[in-house]
Structures are given as structure tokens and as C-alpha cells.
Amino acid sequence: MATRGTRAAEGAPRGTVGHVPVLLPNMLRALDPRPHAIYIDATFGAGGHSAAILAAAPGARVLGLDRDPTAIAAGRAIAEEHPGRLRLTEARFGTLDTVAEAGQYAPVDGVLFDLGVSSMQLDAPARGFSFRIAEIVWHLGEERSARAIARRIVERRAQRPFARTMELADLVARVLGREKIAGRHAATRTFQALRIYVNDELGELAEGLAAAERVLAPGGRLVVIAFHSLEDRLVKNFLRRRAGAAEQASRHLPPQARARLPSFAFLNPRPVSPGVEEIAANPRARSAKLRSAVRTDAPAWRQGADDDLGPRI
């Protein structure tokens, strides 16, 4: 979770006011924006990454997706700074390939996912959540005190609903007896768990990665920044499978009919994490991990029941 009042280091690129892009130089190195190429920012948010791509690659175009209409509206200022080069669409990133095809953007040269809730959203206390609480925190929170937190949340909701995010954050901090843990707000894991469940983000992420695989041109790059271990594990498993040796789909088919060729090659087999200076300037970056890969010319794998990438409730 973002720390309230976090400010960018002097000269740090920004999107809309109030948001600091995480791992920005690392993202640009991995994505390697080229002039007149086409990119998808699958999680537009405050637009900091899209703005950086447009600045780094003259003539490049970006298709920015976000399911939050507030983010789309705020991003129009960035679009006006780059006439004809940034198109914003309110959509879930699981449909990014169909959105790109409908807008005549496909195939694309790069796809970026930044899976954290933006600082702009977390720092706006009036933006409340509604959720079934107890089992969500227990199953997805990876929080040692999940049972105590869930019990207090249920007790509070029996009295009155949560109207503001800070009400929940303060409650969790009281349960844990402190406001900060390892430099982050004590409610970080609880908020991440709620976000994952409410938006079905693990399932949506699996669909989004497969959609990116389908829409990327050979040589195109996939860059994913994750903040939660469950999301990062899903990305890791997806890329490991897609970048592995040819996989046998069914032993009942002849070998030439059942081999699945690698559709990605790793750019960084191990995740990239932020340095000490970035964490000091932007505490939100602490748990971020960046993974990247380049698309091969092999056909996209067909999603199926055997493509189990991570835990689901």
C-alpha cells in the first residue's frame, strides 16, 4: 500500500498528480520502446508508465486500458500532451487482445502490466470498498493475523459498514498494534487480499497474460510488475511454462502433433526488485518485482484446464 503523502524524488517521472511510477527505469529497459511501435499499457492507472513510453519512443502509440473510469478521465490530460498517440479505453485487461484488434492496434510490440493499486487510488480515502471479508483475508491475505483481523472486521460491519478506506486501514493497524510493518502500512496485506478477491484479479491476470501472448508480435516484449506474492507466482509460472522446452500435450497423439513450442524467451529469469534509493523515495515500491520476456514466433498456447498457474479460491 502506498504511504499517504508519498512524494516523488526530484525529477522523477509522474503520471497524473499524486502517483509515482514504480521501477520505471527497469520497465523502460525491459520494454525497450521503439519509435513508431505500438504498446499496450494494460493497467493505465495514473498513466506514469504510458507517459514514459511515449516520451522514450517518438512516434510510438500506446493503447491504455483501465476498468476505472476515474483513471481514464484523469488520463486525458496525458493524451492531450501526445496528440494521436495515446488511446484510453475503459476495459478489463483480460480482453486486451480483442480491444487491440477492434481498435486496429494488433499485433503489438509490447505489453505492460503494473498490478499494484495506484498510489492515487489508495491515497484517496473517499474511495471505499465493499466486500465479503473474513475468508478473503484468511485465504488470500498471507497475513499471520488474518483470523483476528477478519473477526474484528466482521464485528465492525455488524455495527456499520466501512465508508472509507482509512477506516479499514486504522482498524487493521489497531488489531496488529502498530501502523507500520517493514516500512509498509500494517494493512497492506489485508488490502491486497481484498483487491485480489473483489476484482478476481488472479483469474483476470491469467486471462490477461494469455491475451498478451496472443496479441504480441514475434519479438514483442511482455513486462509485468507485481506487488503481491500470489500474483508474482502466477506470472512466474506462466513464463516458466511458456519459455520451457517443447511440452507434450497428450501421450495418445503422435509426437509431431502434440509438441507445444516455447512462445516466450526470458529477458530476466530472476525478478528485478527496486533498489534502496527507490524504496526510500517511494515506499510503495518495496514489494515490487518485475519479470519480462520476449515473444517467439511459435503459436500462442491454447488456454485449457491443464494450464493451472496459481492458487484460486
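The values are calculated or read from the model by the stated rules, or taken from the named source; none is laboratory data. Here the structure is a predicted model, which is why all the values come from computation and not from measurement. Cβ sites come from the backbone with ideal geometry, for glycine too, and all protein chains shown count toward neighbours. Accessible surface areas use protein heavy atoms only, side chains included; no ligands, DNA or RNA. Shrake-Rupley method; radii C 1.70, N 1.55, O 1.52, S 1.80 Å.
So how far, in whole Å, is the C-alpha centre of segment 279-293 from the one of segment 75-94?
24
Would you work out the charge dipole size for segment 153-240 about its Cα centre, treating the Cβ of every Lys and Arg as +1 and the Cβ of every Asp and Glu as -1, and quote it to the nearest 20 debye?
340
Using alpha carbon centroids, what distance separates segment 29-58 and segment 133-170, in Å?
That distance is 37 Å.
Report, by chain and number, residues whose modeled amide H sits under 5 Å from the one on Val62, excluding near sequence neighbours (fewer than 5 apart, same chain).
Close amide H contacts, sequence-distant or interchain: Tyr39, Leu86, Arg87.
Out of the total accessible area of segment 258-300 (probe 1.4 Å, heavy atoms of protein only), what percent is carbon and sulfur?
Answer for segment 258-300 is 58 percent, counting heavy atoms of protein chains only.
Roughly how big is segment 155-198's charge dipole about its Cα centre, with Cβ charges of +1 (Lys, Arg) and -1 (Asp, Glu), in debye to the nearest 20?
Dipole of segment 155-198, to the nearest 20 debye: 60 debye.
Non-local amide H neighbours of Thr296 (under 5 Å, H modeled in plane, Pro and chain starts lacking H): which ones?
The answer is Gly219, Phe264, Ala265.
Ignoring ligands, DNA and RNA, please state the percent of accessible area on segment 166-209 from carbon and sulfur, probe 1.4 Å.
45
Where only protein heavy atoms count, and the probe is 1.4 Å, what is the accessible area per residue for segment 36-112 in Å²?
38
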